[in-house]
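The values are calculated or read from the model by the stated rules, or taken from the named source; none is laboratory data. All of these numbers come straight from a predicted model, not from anything done at the bench. Don't worry about glycine lacking a Cβ; one is built from the backbone with ideal geometry, like all the others, and counts go over all protein chains shown.
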Amino acid sequence: MLQYQRHIRIGTLAICLFVAGFVGHPAADEARMRPVPRFGVFETSLRHAGEYENPYTQLEAVATLTKPGGAAVKINLFWDGNDAWRLRFAPEVTGVWKWTVSSRDPGLSGRSGAFTCVVSRNKGGIRPMVGHPEHFQHQDGTPFWLFGDTHWSAFGIDREERMDRAALKHYADVRAAQGFNFVSTILTSPGANEGGPFFHDKKTERINPAYYREVDARMTYLNSKGITVMLFINWANPQNYIPVWQTFPSNEACLRFARYVTSRYSAYNVCFGVVGEWDSAKDKRKLFCRMGRIVQQNDPHGRTITIHSHSRRASVREFVKESWMSFGDYQQNYRDLHKEVLLSRGAGKPVVNGEYGYHLRDMDGDGVVDKPHGDSTQTMRHASYDIAMAGGYFVTGFGATYWGGYRDPDRFNPDNPKHASWVGDAGHIRKLFTGLPWWTLFPHDEYISGFGIVYCLADPGKLYLIYVRQTSGPIELSLPEKPAKTRFRVKRFDPRTGGYQRLSDHEGKGPLVLKAPTKEDYVFVVASVSGSGVASSRNRNH
């Protein structure tokens, strides 16, 4: 073993990089090239020496990575075609990391190396917030308000829809500029991309690594735009545009694929969905739970994991006690939106409605919108507030992009002008919440009374967010009676323009009477003059 030392300067910081490896060994050569940013991706390539008919099913290799300080984590290498294997990992601690590989193959067994993780501006993936587990934060502790969009075919190709890698990159550019920081997608939809099909032959488990190399490139680009990817590994509801779990030759084949996907993608800024629309295959419930555990056990990065329902009035609350389940719910639900989020929040985990409406989706092209809440910007806005004002998060969608254009008479087009109004109003919701310490607010609808639809989120005595629509008269907000002389600043937010109007301050004890100027929806922000934290939180939110 030789030891190499190279001095590297990043800004004004000089970092000594020590890399141990065999002379001429490709992994050591690659490791010496550059330091790895914290929460960035370290990757190295190795080669097996034996002869295998199908390395994907016949061979395994596990890397043990030793952190600065001595603690160790493990991750599987993944086969990448021919005799190539890759180790991919995202370090969260700065300093020198060492790694070594164990395998029954002599070309992989005993290979080792090191890399140095350096300070970076990366925020890392998302996870439940410390102290406020119903909300999210980045790994570095930055609060994360999930502002999601849907693109089920982000990793596929559809020539007719003009949906390919270039189109995906343009989509990412557009959505990132609009403030979206999260996208739900299916790894295997529609089943092929520029690299070919995702399996050459699923019955014999002949996986096609070229498909996943294309996914790698697209995933990297989405992450570079600040977009977290909710990666559904596969689906359960048979449709002609999605391969499904039921077509795998065995349960073991399903588990092997889940393990492969975890090894290949957990280093990216992702969340994992073990299955979409699981209740279309209820007989496989135990298998889906096993897959959840496989993802959890094979991911050293602690990515959030979920499962997703099919029924229009369904939840996945029954999985909430599973150790791998990171969410209180990840719904497909179109009814009682506010109530269903409130019910799911009882688990003390983040709640997401991942399918509640797609703006102007017209699948058969007859001019009639055929999805609940999607017929207008107003109905989409109302539904989104129903979710957000219960302390949940929504993943929205647009007819022209949510499934690669496949279920819309127009071609895939994130610039389609028919969606501009909803892009604007959705952005106003993001502006409202990220301008406040939203993670401190809990549902307290009992604090507000009046006719119409009224919701309240509150940090009692400090900050109140009141949403109203269809109100026919004044509404009352109950405020704490002590201290009696607390002064509250009152503003009214217009969900259609994103503008605020300052109203009269409220002083003294007793209820605060509020009046919306019309029966349209409005939001009132009521903050104590001291201790609200509104101004100080604004620069810390993502």
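Laid out as a table, the results:
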item: Positions within the stretch 133-159 being in contact (Cβ under 8 Å) with a residue 60 or more places away in the chain and more than 21 Å from ASN269 (Cα to Cα), in sequence order; result: ASP158
item: Residue within the stretch 406-421 that is among the polar types (S, T, N, Q), outside the structural domain of VAL526 (by TED's automatic domain parsing) and in contact with a strand residue (DSSP E or B) (Cβ under 6 Å, 6 or more places away or on another chain) present; result: no
item: So GLU205, is it touching a strand residue (DSSP E or B) at 6+ places or on another chain (Cβ under 9 Å) and charged (D, E, K, R); result: yes
item: Any hit, the stretch 352-373, residues being touching a residue at least 60 places away in the same chain (Cβ under 8 Å) and over 22 Å from ASP408 (Cβ atoms); result: yes
item: Hits in the stretch 109-144 (condition: under 17 Å from THR434 (Cβ atoms) and within 13 Å of the chain's Cα centre (by Cα)); result: ILE126, HIS135, PHE136, GLN137, HIS138, PHE144
item: Matching residues in the stretch 79-101 - criterion: being outside any strand (DSSP E or B) and more than 29 Å from ARG206 (Cα to Cα); result: PRO91, GLU92, VAL93, THR94
item: Strands (runs of 3 or more DSSP E) wholly inside the stretch 194-274 containing at least 3 residues that are within 17 Å of GLN58 (Cβ to Cβ); result: 199-201
item: Close pairs (8 angstrom Cβ cut-off, 6 or more residues apart or separate chains): more than 23 Å from ASP425 (Cβ to Cβ) in the stretch 508-520, assigned to a loop (DSSP other than H, G, I, E, B) and of a type in the set (A, V, I, L, M) anywhere; result: GLY508/ALA484; LYS509/LEU479; LYS509/ALA484; GLY510/LEU479; PRO511/LEU479; LEU512/LEU479
item: Residue list for the stretch 134-161, restricted to those being assigned to a strand (DSSP E or B), within 29 Å of ASP408 (Cα to Cα) and touching a Pro at 6+ places or on another chain (Cβ under 7 Å); result: ASP158
item: Breaking point among (1) within 20 Å of the chain's Cα centre (by Cα); (2) surrounded by 24 or more Cβ atoms within 10 Å (Cβ to Cβ), for GLU340; result: (1)
item: Unique residue being of a type in the set (Ser, Thr, Tyr) and within 17 Å of the chain's Cα centre (by Cα) when the list is THR204, THR185; result: THR185
